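Participant: One structure follows; several queries about it will come next.
The values are calculated or read from the model by the stated rules, or taken from the named source; none is laboratory data. This structure is a prediction, so every number in the text was calculated from the model and none was measured. Don't worry about glycine lacking a Cβ; one is built from the backbone with ideal geometry, like all the others, and counts go over all protein chains shown.
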Amino acid sequence: MPGILEGDVVRRITMPTLADYIALDSTARVAHHSPHTLDREHFTLCAPVTPSRNIFCVGRNYLEHIREMGNDERAPPFFFAKHADMIEPDGATIPYPPLTKDLHHEVELIVALKSGGLNIPADKALDHVYGYGVGIDLTRRDLQQAARKKERPWEIGKSFDHSAPCSALQPASKIGHPAKGKIWLSVNGTERQKGDLTELIWSVPEIIWQLSQQVTLGAGDIIMTGTPAGVAALSPGDKIECGIDGIGTLKVSIGKPA
Ligand code: MN
């Protein structure tokens, strides 16, 4: 049952999915606020838009990460996708995925859309953003690299069960559109990834503009916007914590092999 967070309580909403709800304008949303609230402590806060529509990911968007992977700094952004049911909520234990011996973490700013279209100009792009969250683009790095060498799609390396953990969303109506803030990830208490949203090569409006040239975007779509440097391997039992200042945090664990 979807709901919205109001301080320490969750207010239920009378719509089947959050995607339906966020597609409404803010005035129309109020009509779907149930009088029933429940204490937050009785809930696991799930990923923001369930079921979400599409998950798009930006291939390369922080200079230091492009350098650590040995790629071309000047290339324009490109996109790949994960499936909507690959989202995992905050607190999830993610089974170590099959076929890989090199599962990597990539902490990313998540953008969730409340509307969309084709060919959205950059100066109108933020009008389509519902809110922001923190996510991890889990990657079977060995399979991704093998696919790259063979000039095959990245799908086997990027798109697998549980590969898109995502925090609860913060609506833009509450936090605005953050263009700066530390983005970080630690494993078992040791910091591994660190960057700042100011280092994004392609900004959120530019990403929406570029992506909307190749596909029609819509409410419920989620965009993972690329990762800063420091990506590294994960093992069963690892505890991951990550966050973006001003947006939130996300904690997940890696479990035994699936
Ligand atoms: Mn990524």
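Participant: So, in region 188-237, exactly how many residues are acidic (Asp, Glu) and more than 19 Å from residue 124 (Cβ to Cβ)?
Facilitator: So in region 188-237, the residues acidic (Asp, Glu) come out as 191, 196, 199, 206, 221.
From the residues that got through so far, the ones that are more than 19 Å from residue 124 (Cβ to Cβ) too are 191, 196, 199.
Number satisfying all stated conditions: 3.
Participant: Does any residue of region 176-186 turn out to be exposed (fewer than 15 other Cβ atoms within 10 Å of the Cβ) and in a helix (DSSP H, G or I)?
Facilitator: Within region 176-186, the subset exposed (fewer than 15 other Cβ atoms within 10 Å of the Cβ) is 176-177, 179-180, 182.
From what's left, in a helix (DSSP H, G or I): none.
So far as region 176-186 goes, no, none of its residues is exposed (fewer than 15 other Cβ atoms within 10 Å of the Cβ) and in a helix (DSSP H, G or I).
Participant: While we're on this one: How many of the residues making up region 197-230 are surrounded by fewer than 20 Cβ atoms within 10 Å (Cβ to Cβ), within 15 Å of the ligand (Cβ to nearest atom) and not in a loop (DSSP other than H, G, I, E, B)?
Facilitator: Adding up the residues that qualify gives 1.
Participant: In addition: Suppose the filter is assigned by TED's automatic domain parsing to the domain that holds residue 175, of a type in the set (Phe, Trp, Tyr) and buried (at least 22 other Cβ atoms within 10 Å of the Cβ); does residue 62 pass it?
Facilitator: On the way: assigned by TED's automatic domain parsing to the domain that holds residue 175: yes; of a type in the set (Phe, Trp, Tyr): yes; buried (at least 22 other Cβ atoms within 10 Å of the Cβ): yes.
Yes, satisfied.
Participant: Could you please find all residues in region 156-175 being part of a strand (DSSP E or B) and either of a type in the set (S, T, N, Q) or under 18 Å from residue 93 (Cβ atoms) (or both)?
Facilitator: Taking region 156-175 and keeping what is part of a strand (DSSP E or B), we get 164-166, 170-171.
Residues satisfying the conditions are 164, 165, 166, 170.
Participant: Just to be sure before I move on: is residue 194 touching a strand residue (DSSP E or B) at 6+ places or on another chain (Cβ under 8 Å), part of a strand (DSSP E or B), more than 16 Å from the ligand (Cβ to nearest atom) and of a type in the set (Lys, Arg) in the structure I sent? Talk me through it step by step, then tell me what you get.
Facilitator: Details: touching a strand residue (DSSP E or B) at 6+ places or on another chain (Cβ under 8 Å): yes; part of a strand (DSSP E or B): yes; more than 16 Å from the ligand (Cβ to nearest atom): no; of a type in the set (Lys, Arg): yes.
Judged against the criteria, residue 194 is not a match.
Participant: Within the group 173, 167, 163, which residue is assigned by TED's automatic domain parsing to the domain that holds residue 224, within 14 Å of the ligand (Cβ to nearest atom) and of a type in the set (Gly, Ala, Ser)?
Facilitator: Values: 173 fails: within 14 Å of the ligand (Cβ to nearest atom); 167 fails: within 14 Å of the ligand (Cβ to nearest atom).
Sole residue among the options that is assigned by TED's automatic domain parsing to the domain that holds residue 224, within 14 Å of the ligand (Cβ to nearest atom) and of a type in the set (Gly, Ala, Ser): 163.
Participant: Sort out which residues of region 87-97 are within 22 Å of residue 237 (Cβ to Cβ) and not in a loop (DSSP other than H, G, I, E, B), and write them in order of number. Talk me through it step by step, then tell me what you get.
Facilitator: From region 87-97, those within 22 Å of residue 237 (Cβ to Cβ) are 88-97; that's our starting set.
Selection gives 88, 93, 94, 95, 96.
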